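FYI, it's all coordinate maths here, none of it is from the lab. Since this is a predicted model, take the numbers as computed values, not measurements. Virtual Cβ from ideal backbone geometry, glycine too; neighbours counted across all protein chains shown.
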Amino acid sequence: MRKALVIAVTLAAATTIASADTRKFSAADVPAAKLRKPGRVVISNDATKITAWRFAGNIREALVSLRSLRRAAISSFGGMRYDSNASLTAVPAHFSPMIADAARTHGVDPRLVAAVVRRESAWNPRAVSHVGAGGLMQLMPATAEYLGVTDVFDARQNIFGGTRYLRTLLDTFNGDLDLTLAAYNAGPGAVQRYKGIPPYRETRAYVKAVRATYEASVASARSF
């Protein structure tokens with residue numbers, strides 16, 4: 001009976017989502033489904049894909065997405081476009097293949113991943129912050145556990161985990177680059193609480209720096 005109730009509520013939520021703009025959807029939009037609790041999954045669909053979402057608090061992560069085979073690797077979110085197959089330049093040679101693999105796996109622009117790594121650790125896989133974040137993409141212990149990363153100092157694990165987290169934040173904030181970067185730095189809760197980039201000096205500087213690096217790499221590619 002309990003399972004039937006959960007399924008019914010989830011289907012009702014899916015119907016609500018399908019009738020709205022599925023790109024702007026979080027757990028807060030369907031409180032009756034109690035998506036903040038572990039194990040809740042919602043399926044949404046639009047003209048190009050069907051996606052199953054899993055929730056952790058008010059953060060959503062795409063478990064699986066079925067898309068048209070004709071869909072390009074470039075996704076558009078507002079004024080930004082992310083190309084998961086983009087080429088990398090000015091990246092240490094031994095990290096470049098890892099970033100490219102992680103970007104293709106999780107559908108994130110590798111140039112964005114590289115920009116985050118550069119800001120987070122300056123390409124030092126043994127970096128540790130004053131709050132305990134570790135590795136190339138500076139994963140906090142709780143975040144690493146959520147992402148299934150068992151060794152934050154393993155470069156490949158860290159990059160794949162951090163890239164997956166970027167994908168989750170892009171999903172949560174509807175592809176908004178500034179909000180995604182702010183959430184990566186200050187946490188999604190702070191972004192949701194302030195309804196935008198938190199008024200933290202560090203976070204505002206972080207968003208500006210990573211965005212500038214990413215946009216410069218995109219502009220550089222266009223010049224060839």
Worksheet item: Hey, can you rank 189-202, 143-156, 103-116 by average C-beta count inside 10 Å, highest first?
Response: 103-116, 143-156, 189-202
Worksheet item: Using Cα pairs under 8 angstrom and six or more residues apart, how large is the relative contact order of the stretch 74-222, in percent?
Response: 19 percent
Item to complete: Starting from the Cα gyration tensor of the stretch 153-224, take the square roots of the eigenvalues, sort them a ≥ b ≥ c, and report rounded, prolate or oblate (rounded when a/c is under 1.5, otherwise prolate if a/b is larger than b/c, else oblate).
Response: oblate
Worksheet item: In nanometres, what is the gap between the two model label sites at ALA212 and ASP154, each 7 Å from Cα along Cα-to-Cβ?
Response: 3.6 nm
Discussion item. Among PRO198, HIS94, LEU166, which residue has its Cα furthest toward the positive end of the charge dipole of the stretch 72-224, with +1 on Lys/Arg Cβ and -1 on Asp/Glu Cβ?
Written reply: PRO198
Discussion item. Once you order the gyration tensor axes a ≥ b ≥ c over the Cα atoms, which shape class does the stretch 95-141 get: rounded for a/c under 1.5, otherwise prolate or oblate by comparing a/b with b/c?
Written reply: prolate
Practice prompt. Sort the stretch 74-222 into rounded, prolate or oblate with this rule: let a ≥ b ≥ c be the square roots of the eigenvalues of the Cα gyration tensor; rounded if a/c is under 1.5, and if a/c is not under 1.5, prolate when a/b is larger than b/c, oblate otherwise.
Written response: rounded
